[in-house]
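One structure coming up, written as structure tokens, with questions to follow.
The values are calculated or read from the model by the stated rules, or taken from the named source; none is laboratory data. Owing to the predicted nature of the structure, the values given are computational and were not obtained by experimental measurement. Backbone-built Cβ (ideal geometry, glycine too); neighbour counts: all protein chains shown.
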Amino acid sequence: MPLCNNFSGNLVVAVALFFAGALYIFNYQNYVNTLRTTQYPVDELEAALYTAAAGNNKTVIITMVNKAYVKEVGRGSTMLDLFLESFWEGEGTLPLLDHLMVVAVDQTAYDRCRFKRLHCYKMETEDGVDLEGEKVFMSKDFIEMMWRRTRLILDVLRRGYNVIFTDTDVMWLRSPLSRLNVSLDMQISVDRINVGGQLINTGFYHVRSNNKTISLFQKWYDMRLNSTGMKEQDVLKNLLARSQRWLPQYHRIQRFLPRQS
């Protein structure tokens, strides 16, 4: 009889210790999860980037649209429709749609993006800046929209994502991946080749996320303060022309891509 009581007592103690251990592990895991959430919050941009870059080596294709790009331009089509159609018609481009993130700068463009079931992110604007509708080339609003785009790409790079940026008026008739050297930090399109200073065009570029490119984009964005009336493309051209003085390695790893490629 005493032996039975001892066995029962030991069993109760063992069960109690088991549940105590399980409770400790559960509470510790909750603590770790809470800590992770506190340190690395998943906001709307991170959520959109994560899904768009899934299975693509943390590389995301980004384009930016506003109301003007989702407005019908003829035969019921929009500029965004034509852009997406090129992925369907191009050589080896259809799978790339899975990695496209559309950045909308107004509610109309965002609603249209969601309707098409794309990876969508609505870029919030502050200071009363209105980026809705068509912006005249080199107008104050146009220049502001280009700088907001640069700041967004900088944010994406800081989060560890590689970027292929494309204007929405660039038709993807074939996959550019075979032409890109993924070991280079940045590759950017040019309007013409063999021209002094290279006529770069920020309508298409590929940039890897690392300390050098983050530093480049930060310096590029900071230069807006002393570049009144200049569009971001011209500021970058000037920056790259003298990059050897402040980033010794960068000028040897940039590459220029003719847009007709």
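For the range 50-89, which residues satisfy the criterion of being crowded, with 16+ Cβ neighbours inside 10 Å and either small (Gly, Ala, Ser) or not assigned by TED's automatic domain parsing to the domain that holds MET186 (or both)?
Within the range 50-89, ALA52, ALA53, ALA68 qualify.
If you go through the range 207-254 one residue at a time, how many are of a type in the set (Lys, Arg) and modelled with pLDDT under 55?
Going residue by residue through the range 207-254, those that are of a type in the set (Lys, Arg) are 208, 212, 219, 224, 231, 237, 242, 245, 252.
Checking the rest, the ones that are also modelled with pLDDT under 55 come to 245, 252.
Residues meeting the conditions: 2.
Which residues, counting only those in the range 174-191, are among the hydroxyl-bearing types (Ser, Thr, Tyr) and surrounded by 18 or more Cβ atoms within 10 Å (Cβ to Cβ)? Break it down stepwise before answering.
Filtering the range 174-191 down to residues among the hydroxyl-bearing types (Ser, Thr, Tyr) leaves 175, 178, 183, 189.
The one that is among the hydroxyl-bearing types (Ser, Thr, Tyr) and surrounded by 18 or more Cβ atoms within 10 Å (Cβ to Cβ): SER189.
While we're on this one: Spot the failing condition for PHE217; the list is (1) within 16 Å of VAL60 (Cβ to Cβ); (2) in a loop (DSSP other than H, G, I, E, B); (3) in contact with a strand residue (DSSP E or B) (Cβ under 9 Å, 6 or more places away or on another chain), and only one is missed.
(2)
Answer yes or no as to whether THR108 is of a type in the set (Val, Ile, Thr), in a helix (DSSP H, G or I), surrounded by fewer than 13 Cβ atoms within 10 Å (Cβ to Cβ) and modelled with pLDDT under 95.
no
Any residue at all in the range 74-83 that's in contact with a helix residue (DSSP H, G or I) (Cβ under 7 Å, 6 or more places away or on another chain), hydroxyl-bearing (Ser, Thr, Tyr) and in a helix (DSSP H, G or I)?
Applying the first criterion (in contact with a helix residue (DSSP H, G or I) (Cβ under 7 Å, 6 or more places away or on another chain)) to the range 74-83 yields 78-80.
Within this subset, residues satisfying the condition of being hydroxyl-bearing (Ser, Thr, Tyr) are 78.
This time we only want the ones that are in a helix (DSSP H, G or I), so: none.
No: zero hits.
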